[in-house]
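The values are calculated or read from the model by the stated rules, or taken from the named source; none is laboratory data. Quick caveat, the model's predicted, so the values are computed rather than measured. Cβ: placed from backbone, ideal geometry, glycine included. Neighbour counts: every protein chain shown. Heads up: the accessible areas ignore ligands, DNA and RNA and are worked out on the full protein's heavy atoms, side chains in. Shrake-Rupley method; radii C 1.70, N 1.55, O 1.52, S 1.80 Å.
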Amino acid sequence: EAAVTQSPRNKVAVTGGKVTLSCNQTNNHNNMYWYRQDTGHGLRLIHYSYGAGSTEKGDIPDGYKASRPSQENFSLILELATPSQTSVYFCASGVPGQVNSDYTFGSGTRLLVI
Amino acid sequence: GEKVEQHESTLSVREGDSAVINCTYTDTASSYFPWYKQEAGKSLHFVIDIRSNVDRKQSQRLIVLLDKKAKRFSLHITATQPEDSAIYFCAASTANTNKVVFGTGTRLQVLP
């Protein structure tokens, strides 16, 4: 079954440290997305990608970088983590509303920056 | 860019009653409106959607209404059950962006 897998599930990082969140999809979708979920804000788009080698800025890209080395993998990188980046991060793949390619979400990564 | 406002942050209903969650959007170019459900501690999954070429869609106990003039859409859950308790997100997307803009979520509690 097609799936989006995120790792790690939980992460504790220190302020100023580097954090990499990973996402792997077996859907063969071109599009992949990174969101963060915070109470009162819903899901906000950080970065997205249209395919291997492509990364685009979403609505809140500051403090984050993204990498799409292959069709299957899309990483979110926090070079200098800050407490304000404590959140739950979701990866998704697909195109909203497209038959056989609809949005699929990963299980999420809970990040705590101390 | 598009903004989606979800009007109810929390909603409590008695089991068997109906629940209604309302959303508004700003971009007249938005043409696709999905709804997602997030159960406690879990990820989001798709529940129902509506496209701008219709104003009503039903899937079992779920009904979505779309009023393009008012830029408003709503999710109606009829005959609610305890397993309907979750956070529901509305969203909007335009055909040419491949991006989804989410509302802030409504926590629905179905009381026995």
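Just a few scattered comments:
- Accessible area expressed per residue, chain B, with surrounding protein chains retained (probe 1.4 Å, Å²): 50
- Cα-centred dipole magnitude for the protein assembly as shown, charges only on beta-carbon of K, R (+1) and D, E (-1), debye, nearest 20: 200
- Relative to its Kirkwood radius, the Cα radius of gyration of the protein assembly as shown gives an Rg/Rh of 0.97.
- Between chain B and chain A, roughly 1500 Å² of accessible surface gets buried, counting both sides and using a 1.4 Å probe.
- Å² of accessible area per residue within chain A, as computed with a 1.4 Å probe and no ligands counted: 46
- Buried on assembly, region B:75-89 (at least 10 Å² less accessible surface than by itself, 1.4 Å probe): B:Phe89
- Chain A - percent of accessible surface contributed by carbon and sulfur, probe 1.4 Å: 49
- Each of B:Val47, B:Thr28, B:Leu11 was placed along the dipole of region B:1-72 (beta-carbon charges, centred on the mean Cα), and the one lying farthest toward the positive end is B:Thr28.
- Sparse packing (at most 12 other Cβ atoms within 10 Å of the Cβ) combined with a DSSP loop state is found for the following GluC sites (Glu not before Pro) in region A:45-95: A:Glu79.
- For chain B, the normalised intensity computed at q = 0.09, 0.11, 0.13, 0.18 Å⁻¹ comes to -0.21, -0.32, -0.44, -0.84 (log10 of I(q)/I(0), Debye sum over alpha carbons, equal scatterers, no solvent).
- Of the trypsin sites (Lys or Arg not before Pro) in region A:1-78, those whose Cβ has at most 16 other Cβ within 10 Å and which sit in DSSP loop: A:Arg9, A:Lys18
- Surface share of carbon and sulfur [accessible, 1.4 angstrom probe, percent] for chain B: 47
- Just checking the listed ones, B:Lys57, B:Lys71, B:Lys99: in the Gaussian network model of chain B with Cα springs under 10 Å, the one fluctuating most is B:Lys99.
- Taking 1.306 mPa s as the viscosity and 10 °C as the temperature, the Stokes-Einstein diffusion coefficient of region A:1-69 based on its alpha-carbon Kirkwood radius rounds to 118 µm²/s.
- Loop GluC sites (Glu not before Pro), region B:1-87, which have at most 13 other Cβ atoms in a 10 Å radius of their Cβ (DSSP): B:Glu15, B:Glu39
- Taking the convex hull of the alpha carbon positions in region A:1-41 and averaging its projected area over all directions gives 4.5 nm².
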